[in-house]
1. Which of the residues spanning segment 31-50 are free of Cβ contacts under 8 Å to residues at least 12 places away in the same chain and outside any helix (DSSP H, G or I)?
2. Where residues in segment 1-30 are part of a helix (DSSP H, G or I) and among the β-branched types (Val, Ile, Thr), which of them is surrounded by the fewest Cβ atoms within 10 Å (Cβ to Cβ)?
3. Test Ile29 against the criterion of being modelled with pLDDT of 80 or more, more than 13 Å from Met1 (Cα to Cα) and assigned by TED's automatic domain parsing to the domain that holds Arg6, and give yes or no.
4. Output the residues belonging to segment 5-21 that are of a type outside the set (D, E, K, R) and in contact (Cβ under 8 Å) with a residue 24 or more places away in the chain.
5. Scanning segment 42-86 for residues that are β-branched (Val, Ile, Thr) and farther than 18 Å from Val17 by Cα, which turns out modelled with the lowest pLDDT?
Amino acid sequence: MWIAARDPRVPWYAKLVAAAVAAYAFSPIDLIPDLVPVLGYLDDIVIVPAGILLTVPLIPAGWRSFRAEAERRIEQPKSSIGAAAIVFLWLATLALTVWILRRYNSN
């Protein structure tokens, strides 16, 4: 998905869906937290394959070349900007939680 989202031969709408699926798969933030028994893992088991099934028909016939490229690279993509965004979101959430708890406890 990640390779297809960055290929110039793929239409923009397929790139958008492929990038969203790849971002969700690599993101540590889930729609339903993994702490929730069964449902926490169920969203990963349903959403990612459903996104892949939605994306594959949108990609031109060169899908096999993307799969071969993925096997050649074998590493997952690394994005410093993406990692920084995730860290920023976690820190912002933590700061907001601390601020709310302090405000709540001061009353």
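The values are calculated or read from the model by the stated rules, or taken from the named source; none is laboratory data. Since we're looking at a predicted model, the values are computed, not measured. Virtual Cβ from ideal backbone geometry, glycine too; neighbours counted across all protein chains shown.
1. Within segment 31-50, Ile32, Pro33, Asp34, Leu35, Val36, Pro37, Val38 meet the criteria.
2. Ile3
3. Against the criterion (modelled with pLDDT of 80 or more, more than 13 Å from Met1 (Cα to Cα) and assigned by TED's automatic domain parsing to the domain that holds Arg6), Ile29 does not qualify.
4. Selection gives Val10, Pro11, Tyr13, Ala14, Val17, Ala18, Ala20, Val21.
5. Ile74
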